[in-house]
1. Please specify each residue of the range 219-238 satisfying the condition of being under 25 Å from Ser155 (Cβ atoms), assigned to a loop (DSSP other than H, G, I, E, B) and in contact with an Asp or Glu (Cβ under 8 Å, 6 or more places away or on another chain).
2. Which residues, taken from the range 232-261, are under 11 Å from Glu129 (Cα atoms) and touching a helix residue (DSSP H, G or I) at 6+ places or on another chain (Cβ under 8 Å)?
3. Are any residues in the range 196-222 surrounded by 24 or more Cβ atoms within 10 Å (Cβ to Cβ) and not β-branched (Val, Ile, Thr), and if so, which ones?
4. So is Gln121 touching a Pro at 6+ places or on another chain (Cβ under 9 Å) and under 30 Å from Gly95 (Cβ atoms) or not?
5. Could you tell me how many of the residues in the range 93-135 are of a type in the set (Lys, Arg) and surrounded by fewer than 23 Cβ atoms within 10 Å (Cβ to Cβ)?
6. For the range 148-191, enumerate the residues that are out of contact with any strand residue (DSSP E or B) (no Cβ under 8 Å at 6 or more places or on another chain), surrounded by 13 or more Cβ atoms within 10 Å (Cβ to Cβ) and among the acidic types (Asp, Glu).
7. If the requirement is being surrounded by fewer than 18 Cβ atoms within 10 Å (Cβ to Cβ) and at pLDDT 95 or above, which of these qualifies: Glu88, Glu21?
8. Please go through the range 27-59 and pick out each residue that is of a type in the set (Val, Ile, Thr) and within 17 Å of Ala228 (Cβ to Cβ).
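The values are calculated or read from the model by the stated rules, or taken from the named source; none is laboratory data. On a predicted model such as this, the values are computed, not experimentally measured, just so you know. FYI the Cβ positions are ideal-geometry reconstructions off the backbone, even for glycines, and counts take in every protein chain you see.
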Amino acid sequence: MDISTPNVTLDDSMIETFQREGAVVLRGFFNDWMEPLREGVDALIKSPSPLERSYQPSDGSAPFFQDLCNWQRIEPFSHFVMESPIAELACKLMGSRQAQFFHDHVLVKEPGSSQVTPWHQDQPYYCVESAQCISFWIPLDPVACDTSLKCLAGSNHWNKLHRPKRFDGSDLYQGDTREELPDIDAESSKHRILQWALEPGDAVAFDFRTVHGASANTSTHRRRVFSARWVGDNARFVDRGGKGSPPFAHLTLQDGDALAGPEFPIIYRQT
């Protein structure tokens, strides 16, 4: 089951941790891809897509840039998705026969940004369901532990999807009757929070169902992140009854159809 890149190996304990805890830290697997991904982020900020969603905190602090689904037009992102070890890593961690790309997401919190990424699960935002799913949160700058991604250990096994929210706290879907997430910060003693200091080349891999969030960027440097989302076997399109994130408004797939299309290539299959 081992996957080796220069000086690093994915072993069975990492796979077991991901599947049990819903998140695992990977050290140094993407060292060789930092400069291309930084070039890609620079190009994206200069030429954002129509899906760009930047947030300007109401207190006037530094902005939080976000953009999605750019891998087909930003060449360094395309090379990373197609040629880096990420697809094989996804396949092994998910325990699937194949790794199918779902979408990319760039997140840049400028230094001093007060914007907090609230606790949430990704799955209810997405137009896909798969028993195997994984997101890689790949920082392109050093990230201190207190400003890094944080995940609730074991929340991937809650067997419950909570009501997705926008950043302003409003419901994403009209008439959504699912339970809201509990107040994680007020009940922090009830949970085990996973959080790591990270260096460029590291990544956190987590399940779409894992509850996660991120603090404001109180540091004096940018926090650039490239995130890549993948699904495994038998991934199906799901009509959530509203504009999800990403919206994928052009798709003609019907509820329950196999996830298919040029946006969602199968990059790796186990032999």
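1. Passing the criteria: Ala235, Val238.
2. Residues satisfying the conditions are Gly232, Arg240.
3. Leu198, Ala203, Ala205, Phe206, Asp207, Phe208, His212, Asn217, listed by residue number.
4. Against the criterion (touching a Pro at 6+ places or on another chain (Cβ under 9 Å) and under 30 Å from Gly95 (Cβ atoms)), Gln121 qualifies.
5. Narrowing the range 93-135 to residues of a type in the set (Lys, Arg): 97, 109.
Retained after the next criterion (residues that are surrounded by fewer than 23 Cβ atoms within 10 Å (Cβ to Cβ)): 97.
Residues that pass the stated criteria total 1.
6. Selection gives Asp176 alone.
7. The unique qualifying residue is Glu88.
8. Pass one, the range 27-59, residues of a type in the set (Val, Ile, Thr): 41, 45.
Across the range 27-59, the qualifying residue is only Val41.
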